[in-house]
Amino acid sequence: MKDILLLMLFPPLAGAFLNGVFGRRYPKALVSAIACGASGLAALFALIGAWNYTRFWSPAALPLRIGTWIRAGAFRADFALYYDRLTLVMTCIVTVVAFLIHLYSRGYMEHEEGYYRFFSYMNLFLFMMLVLVTAGNYPLMFVGWEGVGLCSYLLIGFYFPKKSASDAGKKAFIVTRIGDAGFTVGVALMFWTFGTVSFHSLFPKVALMPAGWDSNALTAICLLLFLGAVGKSAQLPLYVWLPDAMEGPTPVSALIHAATMVTAGVYMVARSNVLYAHAPIALETVAIVGCITAFFAATIAICQNDLKRLLAYSTISQLGYMFLGCGAGLFATGIFHLMTHAFFKSLLFLAAGSVMHAMSGELDMRKMGGLRHKMPVTYWTFFAATLAICGIPGFSGFFSKDEILAAAYNGPLGGPWLYWLGTITAGLTAFYMFRALFMTFHGPSRVPEDLAHHVHESGSKMTGPLIVLAILSVIGGYVSIPSALGGSERFDGYLAPVFFSSEHFLRTTAAHAPSGGWSGLTLMGFSLAFALGGVFAAYWLYLKSPELPARIAERFAAPYRLLVNKYYVDQFYNWLIVRPIRVCSESFLWKRVDAGAIDGGMVEGSGAVTVALGGILRRIYSGNLRSYATWVLLGAVMWIGYILVMR
Amino acid sequence: MTGDIIRLFPEIVLGVSGILVILFAPFVPPRRQSLLGWFALFGVVAAGAADALTARDPGLAFGGSVSADSFSVYFIALFLLVAGVTILGSIHYLERENLPAGEFYALILLATLGMALMAAGLDLVLVFLGLELSSLSTYILAGYRRHDKRSNEASLKYFLLGSFATAFFLYGIAFVYGLSGTTNLMTLARRVGAAGGPNRTFAAVALLLIFVGLGFKVSAAPFQIWTPDVYQGAPAPVVAFLSVGPKAAAFAVLLRVFFGPLSEGSHMAFWLLWLSAILTMCLGNLAAIWQSNVKRLLAYSAIAQAGYILVGFAAGSADGRSAVSFYLVTYALMNTGAFLLVAQLAGGGEGRTEIDDYKGLARECPGKAAVLSVLLLSLSGIPTTAGFLGKFYLFRAAVDSHLIALTIIAVLNSVVSVYYYFRLIVVMYMEEGPAAVSTARLPGSLWAALAVSVAGIFYLGIFPSAFLEFARLTSNLLPH
């Protein structure tokens, strides 16, 4: 059982290696067969492992030490994996979605340069992601954390001759690096405080702390770790890299920037639930940041005309929901939404990729419209995913989003305003998603003449995964039917061994008692009403009277401009951080310090001295045997002489 | 008696297989000479197994003249690694250069036997015998390309200067005997401990005489002078062997003698070690900058590497000694690999060894260029390679022993070394070809040898812990 989960790590690594080193010479069919085979095997192992574990093992965590990695003084980090139900859920989500996206990429990337490079990076990404979710201590988790960051950088910049793509790659790398710095400091502080960084010795240690135990250090650790999550999962204020990351190929956006990597932050918070339960201030911060991000990103998404960027803002918003669920103290809700979101958001991206394929790379929704007849499969799958993300009853998003909103309302750290902001966001989500659906697939065609005849449905290599993901997006929610509807919340029950003690601890110690009042059904009713309101507004504005949006934009010019320009955050960062650094680096550090002092004085100067000295010294190597013997003798005489003189 | 034999088992296996190789050689048809190589490799592997066997039952043998302990097990394993990789890397070379294979492998095995005796011997006379056995074998090996003038010159120079230096070693042993009436290190340790032990000054003189003899082998300044000529002239696979094996063996003896019974005298010699470390690093690195020939460049680099090891040696602490042991292994991996690859790239008659011959190699043979780059990066001590950690441990031991100035000079020296190591990488990757070096496919056996080197470099560079524990055991110099 342990071995099969360990085995899961190898196919992606081997695939990345084979394609990366030899792929250039392989035919495309072999490259994709290796990559898809590797991810498929990983998925198979993950599923078998999960089934096996659930069926035959006690739900307690299963640490698996493979060997020593770092040992320096008291610090110790092993190659250790850690299996519990959370790990298993994550590995299944990651490998299954990755497998489907690999299959899709066979078609999508067919005519691209660097086919082998793409698949090699994708497999490497999958490996790193699996390291991240199976790691048994924070340093090893950080290896995966950085590894997926590297793959993300490589894949965003996949079309690196294009400047915007390579810039976006760099931006993603640098912005997430800010968060990573926090993460590293957090881990260091953790070792300093608790003397360990491994899950199976750290968590029990923290869990045994009494309720009134006050630890600023733990709060600081949790906040620093969360800073890492903010960077990786694109939350306020470090979300700016994710929209730009859409420069990468669309399967990458679907896999890395929607379904898996960006959810690593959520996973990390859920994994550290014991720590956060004992640091309620940090946990509340998680909830607040998540909730505000969800709302903030949704407002930007409303005015986006670029289909992929709209989906990117939507991802940021949905990630905010997941943090809201975790932060409210009900971690399982966050993970549940992570799962359903992985299905429907990767589907949305892949469908957008299919549209993009048909439109020769065009992503501006103002140049689309009426595509539903020409691309029926893409349309219906996109439609299913839209219903799911909007939380229409019966679709997966409905179950998970309602759980989160319920958690925001009556979770241990929930509160009314978190609930209401979340519910308003649900309405906004429905509005912008249906706006995208209507603008792309409905109404009269606005496709330019030269493209119109080219528009076609994608091949079965691409539509196949779309259909599978659509099915998952529909039924994915039924694993956890809310108790308000007579269900038993089986998903939450499944994860209970991981989260129960933390959630229980929070419930008993939370500063404010859960706000009673409305029942689950009432809450559901509210959010449904908001969602339907959003759908109706989108219908009214974009199908019924399409001239209205322009008039509204004219009427409310100032707020409209603010939204279209995404609150000017990018410009603000540029002005506040990037410009000063550049000016300082260019005029002072580069021209004066580096070129002047270091290069001119120290490097050139010391280099010249070194070379000259070498020129003199090498003359002793004359090649003459007698002179060599003399040197040896002289040396010996001097040495013995020294001893005799110094005794 | 049986116990004695088991404790000397690796040496016995080496000796027997060396003799067998010579005996078999006339009966092996000329086209099948590689069989001898595989047989010799088998001998090395068997000796490795024997070495593992002795590790299970440590103790003295043959009246206390030989010791099987963690120290000897570690160093014998190191010699076997070097011998094995060299043999693997030479199989194709000997065929290409049309050199007789039997004697070559036999001499490698016998030299390894000599080195093993140096590491395992507790009696200085036995150590001397080991030294002579390994030296004589390598003198012959250096001149193995008999029809090449440079090879002959290398052999002769190595032989004459080597004999000269060995005389000092013998003189040192004589001093030890004169001081204490014994040449056995264990007995010596007991007598030094007793009241009215030997005169401190003469102990120091004895030590220094020994250091002259062995310092010659490790190319420590001012006895490093022969190195470039010999390394440039000798066949490259031989250099792969003799730049590492005898050096490690000599360091093993130096460790035992300096920090064992005569440590009293080594305090007096401390500043000489300090000076020698600095001179060795500077004389190696500064001269390397000027080289245009790859073999000669690597020869100077080998001198500089010995200097880094001497830094740990000067530190003298247990940490310093285990850092020396650790670094010797990393050095073995990278230097052997580098010389073997250079031998292959040099082509028939070793005609292509100028740096300019490597222009644009990366474009034509990306694999070879990448392997060579890894080896050079490790030699220059770039992180994630073993070379970095090895240097790190050496320098940290020096800092812990408060040798701050020495450490600073050592670090500056590694900076200088980056210049010439990277120059080769730059030539391979950034200059226009066509490469003049041989671009023929790597033979499988050489591939395997290089794979061992590269894998070892990354393994030790990323997961040093387990191995470091092993190296730490060698700081117990004498059996209890």
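The values are calculated or read from the model by the stated rules, or taken from the named source; none is laboratory data. Everything quoted here is computed from the prediction, not taken from an experiment. Quick reminder, even Gly has a Cβ in these numbers, built from the backbone with ideal geometry, and neighbours come from all protein chains shown. Just so you know, the surface numbers come from the protein's heavy atoms only, side chains and all, with ligands and any DNA or RNA stripped out. Shrake-Rupley method; radii C 1.70, N 1.55, O 1.52, S 1.80 Å.
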Of the conditions (1) in a helix (DSSP H, G or I); (2) open to solvent by 40 Å² or more (accessible area, probe 1.4 Å); (3) more than 21 Å from A:Val355 (Cα to Cα), the single one that A:Tyr542 does not satisfy is (3)
When (1) closer than 25 Å to B:Glu469 by Cβ; (2) open to solvent by 10 Å² or more (accessible area, probe 1.4 Å); (3) more than 14 Å from chain A (Cβ to nearest Cβ); (4) in a helix (DSSP H, G or I) are applied to B:Ala362, the one that fails is (1)
Note on the range B:448-466: residues open to solvent by 50 Å² or more (accessible area, probe 1.4 Å) and within 14 Å of chain A (Cβ to nearest Cβ) are B:Ala455, B:Phe458, B:Tyr459, B:Ile462, B:Phe463, B:Ala466
Of the residues in the range A:25-63 that are more than 21 Å from A:Val96 (Cα to Cα) and in contact with a helix residue (DSSP H, G or I) (Cβ under 6 Å, 6 or more places away or on another chain), the one that is modelled with the highest pLDDT is A:Lys28
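Looking at the range A:368-460, what helices (runs of 4 or more DSSP H) fall wholly within it and have at least 2 residues that are among the acidic types (Asp, Glu) and in contact with a Pro (Cβ under 8 Å, 6 or more places away or on another chain)?
Working: elements: A:376-390, A:396-410, A:416-441, A:449-452.
Of the helices (runs of 4 or more DSSP H) lying wholly inside the range A:368-460, those with at least 2 residues that are among the acidic types (Asp, Glu) and in contact with a Pro (Cβ under 8 Å, 6 or more places away or on another chain) span A:396-410.
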Here the residues within the range B:120-156 that are within 13 Å of chain A (Cβ to nearest Cβ), buried (at least 23 other Cβ atoms within 10 Å of the Cβ) and of a type outside the set (S, T, N, Q) are B:Ala154
Note on A:Leu130: of the conditions (1) of a type outside the set (Ser, Thr, Tyr); (2) farther than 17 Å from A:Ala50 by Cβ; (3) modelled with pLDDT of 90 or more, unmet is (2)
Those residues of the range B:192-250 which are of a type in the set (Val, Ile, Thr) and modelled with pLDDT of 90 or more amount to B:Ile210, B:Val212, B:Val218, B:Thr227, B:Val230, B:Val238, B:Val239, B:Val244
Do the conditions hold for B:Asp319, that is, is it over 22 Å from the mean Cα position of the chain (by Cα), surrounded by fewer than 21 Cβ atoms within 10 Å (Cβ to Cβ) and assigned to a helix (DSSP H, G or I)?
no
Screening B:Phe159, B:Phe169 for residues that are closer than 17 Å to A:Trp631 by Cα, within 14 Å of another protein chain (Cβ to nearest Cβ) and open to solvent by less than 10 Å² (accessible area, probe 1.4 Å) leaves only B:Phe169
For the range B:1-40, the count of residues that are in contact (Cβ under 8 Å) with a residue 24 or more places away in the chain, open to solvent by 30 Å² or more (accessible area, probe 1.4 Å), under 11 Å from B:Tyr105 (Cβ atoms) and of a type in the set (A, V, I, L, M) equals 1
Among (1) surrounded by 14 or more Cβ atoms within 10 Å (Cβ to Cβ); (2) more than 14 Å from chain A (Cβ to nearest Cβ), B:Gly444 falls short only on (1)
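Just one of A:Leu208, A:Leu150, A:Leu154, A:Leu124 is farther than 30 Å from A:Ser39 by Cα and open to solvent by 20 Å² or more (accessible area, probe 1.4 Å); which is it?
A:Leu208
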Tell me, yes or no, whether the range A:625-644 has at least one residue that is surrounded by 11 or more Cβ atoms within 10 Å (Cβ to Cβ), more than 7 Å from every other protein chain (Cβ to nearest Cβ) and under 60 Å from the mean Cα position of the chain (by Cα).
no
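Of the residues that make up the range A:388-395, is at least one within 25 Å of the chain's Cα centre (by Cα), over 20 Å from A:Ile302 (Cβ atoms) and among the hydrophobic types (A, V, I, L, M, F, W, C)?
Quick first cut of the range A:388-395, residues within 25 Å of the chain's Cα centre (by Cα) only: A:388-391, A:395.
From what is left, the residues that are over 20 Å from A:Ile302 (Cβ atoms) are A:395.
Cutting the leftovers down to among the hydrophobic types (A, V, I, L, M, F, W, C) gives us A:395.
Among the residues of the range A:388-395, at least one is within 25 Å of the chain's Cα centre (by Cα), over 20 Å from A:Ile302 (Cβ atoms) and among the hydrophobic types (A, V, I, L, M, F, W, C), which makes the answer yes.
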The residue from B:Gly265, B:Gly284 that alone is more than 9 Å from chain A (Cβ to nearest Cβ) and surrounded by 23 or more Cβ atoms within 10 Å (Cβ to Cβ) is B:Gly284
Screening A:Leu47, A:Leu18 for residues that are farther than 23 Å from A:Glu110 by Cβ, surrounded by fewer than 24 Cβ atoms within 10 Å (Cβ to Cβ), out of contact with any Leu (no Cβ under 7 Å at 6 or more places or on another chain) and touching a residue at least 12 places away in the same chain (Cβ under 8 Å) leaves only A:Leu47
Check: Residues in the range B:408-426: is at least one open to solvent by 20 Å² or more (accessible area, probe 1.4 Å), away from chain A (no Cβ under 14 Å), touching a Gly at 6+ places or on another chain (Cβ under 9 Å) and under 30 Å from B:Gly351 (Cβ atoms)?
Finding: no
**Study point:** Residue within the range A:96-111 that is surrounded by fewer than 19 Cβ atoms within 10 Å (Cβ to Cβ), under 27 Å from A:Phe499 (Cα atoms) and modelled with pLDDT of 90 or more present
**Key:** no
Taking B:Ser453, is it at pLDDT 90 or above and closer than 30 Å to B:Ala68 by Cβ? yes
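Could you identify the single residue in A:Leu218, A:Leu202, A:Leu189, A:Leu208 that is more than 21 Å from the chain's Cα centre (by Cα) and free of Cβ contacts under 8 Å to residues at least 12 places away in the same chain?
A:Leu208
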- With respect to B:Arg96, determine if the residue is outside any helix (DSSP H, G or I) and touching a helix residue (DSSP H, G or I) at 6+ places or on another chain (Cβ under 7 Å). no
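Quick grid of which residues meet (1) in contact with a His (Cβ under 9 Å, 6 or more places away or on another chain); (2) within 13 Å of another protein chain (Cβ to nearest Cβ); (3) open to solvent by less than 60 Å² (accessible area, probe 1.4 Å); (4) not small (Gly, Ala, Ser):
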{"site": "A:Ser587", "(1), (2), (3), (4)": "no, no, no, no"}
{"site": "A:Val593", "(1), (2), (3), (4)": "no, no, yes, yes"}
{"site": "A:Val609", "(1), (2), (3), (4)": "no, yes, no, yes"}
{"site": "A:Gly615", "(1), (2), (3), (4)": "no, yes, yes, no"}
{"site": "A:Gly623", "(1), (2), (3), (4)": "no, yes, yes, no"}
Per the filter on the range B:198-230, residues open to solvent by less than 10 Å² (accessible area, probe 1.4 Å), aromatic (Phe, Trp, Tyr) and assigned to a helix (DSSP H, G or I) are B:Phe211, B:Phe216
For B:Phe251, the lone unmet condition from (1) in contact with a Ser or Thr (Cβ under 8 Å, 6 or more places away or on another chain); (2) within 26 Å of B:Ile408 (Cβ to Cβ); (3) away from every other protein chain (no Cβ under 14 Å); (4) not aliphatic (A, V, I, L, M) is (1)
